[in-house]
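Have a look at the structure below before the remarks.
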Ligand SMILES: Cc1ncc(COP(=O)(O)O)c(C=O)c1O
């Protein structure tokens with residue numbers, strides 16, 4: 001099946017008992033057994049397995065061209081579980097432009113359990129190669145990254161990972177791109193993670209996460225950890241992500257069309273110093289983005305002239321763009337990463353420019369979006 005058809009059908013069969021076309025929400029914690037150790041339908045307890053979650057996990061795997069999928073209670077839960085593949089003393093080379101919560105988990109939580117991290121610019125494969133050590137077991141990156149929308153050449157980095165004697169896991173957080181735009185496993189990555197809260201859910205009404213892989217051993221370990229740690233999503237949340245996935249391609253096309261127009265508008269605006277959008281000609285990795293991604297996605301960041309104060313004024317001055325964290329929903333959002341999503345990177349080498357504004361460009365009419373930005377920029 002082509003991608004658009006997978007989005008609608010992968011993981012979901014009409015219910016054999018009732019013919020229900022939509023995946024039922026199996027709102028149950030436990031399942032009857034016909035005898036001790038003889039579960040009737042293959043299900044024992046919903047932390048371990050739930051039919052609605054199984055359907056979502058199959059869909060996630062299919063979309064990423066993976067053999068196995070696992071769903072989690074949040075993107076952070078997915079990331080935390082992946083890091084539990086490692087042992088104390090192991091070293092991770094991670095991107096120096098990642099979601100603030102990812103940095104916080106690495107720096108403030110996992111360091112205390114004996115993992116070490118080196119943050120580098122993953123857009124430069126030589127920097128990544130130079131950071132590898134004998135103890136390196138994982139390379140972690142986002143592309144496009146949050147919030148600077150830097151684009152890393154996944155194939156080039158996979159070659160760096162494969163050349164290291166440890167064969168470190170190469171993990172890509174594909175939240176910003178979604179599998180509609182790029183499929184990192186096809187480009188050499190070992191694991192893909194998602195905050196399904198974002199484009200996969202698509203409607204800002206659910207928090208969730210995902211991990212996919214095609215390696216059986218890694219999957220077995222992750223499935224063990226998923227059950228042992230227990231950061232699983234409930235069936236209602238799984239249903240919402242499954243429903244969101246059905247419209248992913250049409251939403252992403254419109255997100256990208258609107259975002260490209262917003263980027264073009266901002267690039268020509270006198271109060272904007274710099275625009276960051278993967279498919280914009282001014283983007284330093286535009287050529288890689290065009291090779292690796294189907295379109296430029298729905299996220300646009302920009303630096304306003306006037307620094308922190310101007311950024312706050314713009315973010316507080318929009319009417320249609322809602323001032324809020326998160327991204328990937330049908331409605332447009334605006335935020336200031338330095339004080340909102342990336343506040344945890346303050347005073348670290350990952351600290352972001354206080355004049356940076358991040359937009360999640362939604363599906364409203366482009367004229368309304370541009371008019372809103374115009375009037376907000378007029379306030380500085
Ligand atoms: C790129 C990226 N990865 C992971 C996460 C964490 O996901 P969640 O908020 O679902 O825990 C986020 C959240 O904003 C994100 O933007």
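Before moving on, here are some points about what is shown:
- log10 of Debye I(q)/I(0), alpha-carbon scatterers only, for the range 185-224 at 0.19, 0.20, 0.33 Å⁻¹: -0.64, -0.68, -1.01
- Fluctuation leader among 108, 49, 38 - the chain, Gaussian network, Cα springs under 10 angstrom: 38
- GNM flexibility winner over the chain from 125, 39, 278 (Cα, springs under 10 Å): 39
- Taking Cα atoms only, the orientation of helix 235-246 departs from the longest principal axis of the chain by about 60 degrees.
- A Förster radius of 30 Å combined with the Cβ-Cβ distance from residue 18 to residue 227 puts the calculated FRET efficiency at roughly 0.55.
- Structure remark: mean-square fluctuation, Gaussian network model of the chain, C-alpha springs under 10 Å; the largest value among 200, 327, 370 belongs to 370.
- With the simple model of a label 7 Å out from the Cα in the direction of the Cβ, residue 287 to residue 380 spans 3.2 nm.
- Antiparallel content of DSSP bridges confined to the range 29-180, in %, to 5: 20
- Overall, the ratio between the Cα radius of gyration of the range 79-166 and 2.2 N^0.38 Å, rounded to two decimals, is 1.02.
- Cα gyration tensor, the range 320-380 - rounded (a/c under 1.5), prolate or oblate: oblate
- Fewest-first sequence of 334, 245 by Cβ atoms within 10 Å of each Cβ: 334, 245
- Extension gain (nm, one decimal) between residue 273 and residue 365, 0.36 nm per residue minus Cα-Cα: 30.6 nm
- Relative to the current alpha-carbon distance between residue 111 and residue 133, full extension at 0.36 nm per residue lengthens the span by 6.2 nm.
- The range 1-54: C-alpha gyration tensor shape, a/c 1.5 cut-off, then a/b vs b/c: prolate
- Note on the range 163-253: the alpha carbon radius of gyration divided by the globular reference 2.2 N^0.38 Å gives 1.17.
- The base-10 log of I(q)/I(0) for the range 22-126, evaluated at q = 0.12, 0.18 Å⁻¹, reads -0.62, -0.99 [Debye formula, identical scatterers on Cα atoms, solvent excluded].
- The range 62-104: translational diffusion in µm²/s, Stokes-Einstein, Kirkwood Rh over Cα pairs, 37 °C, 0.692 mPa s: 263
- Value of relative contact order over the chain, rounded to a whole percent, pairs C-alpha under 8 Å and six or more apart: 17
- As a rough footprinting exposure proxy, the listed residues 361, 32, 120 were ranked by other beta carbons within 10 Å of their own, and the order from fewest upward is 32, 120, 361.
- Beta-bridge orientation, the chain: approximately 55 percent antiparallel, per DSSP, counting only bridges with both partners inside.
- The alpha carbon convex hull volume per residue for the range 208-342 rounds to 160 Å³.
- Tensor-based shape of the chain (alpha-carbon gyration tensor, a/c under 1.5 rounded, otherwise prolate or oblate): oblate
- For the pair residue 9 and residue 347, label points projected 7 Å from Cα toward Cβ lie 5.6 nm apart.
- Rounded to the nearest 500, the 222 nm mean residue ellipticity of the chain from helices alone is -10000 deg cm²/dmol, with -39,500 (n - 2.57) taken per DSSP H run of at least 4 residues.
- Alpha-carbon radius of gyration plus Dmax, which is the widest Cα pair, for the range 215-269 in Å: 18.9, 53
Read the figures in this text as sums done on the coordinates, not as results from a lab. Given the structure is predicted, the values throughout are model-derived calculations rather than measurements. Neighbour counts run over all protein chains shown; Cβ positions are idealised from the backbone, glycine included.
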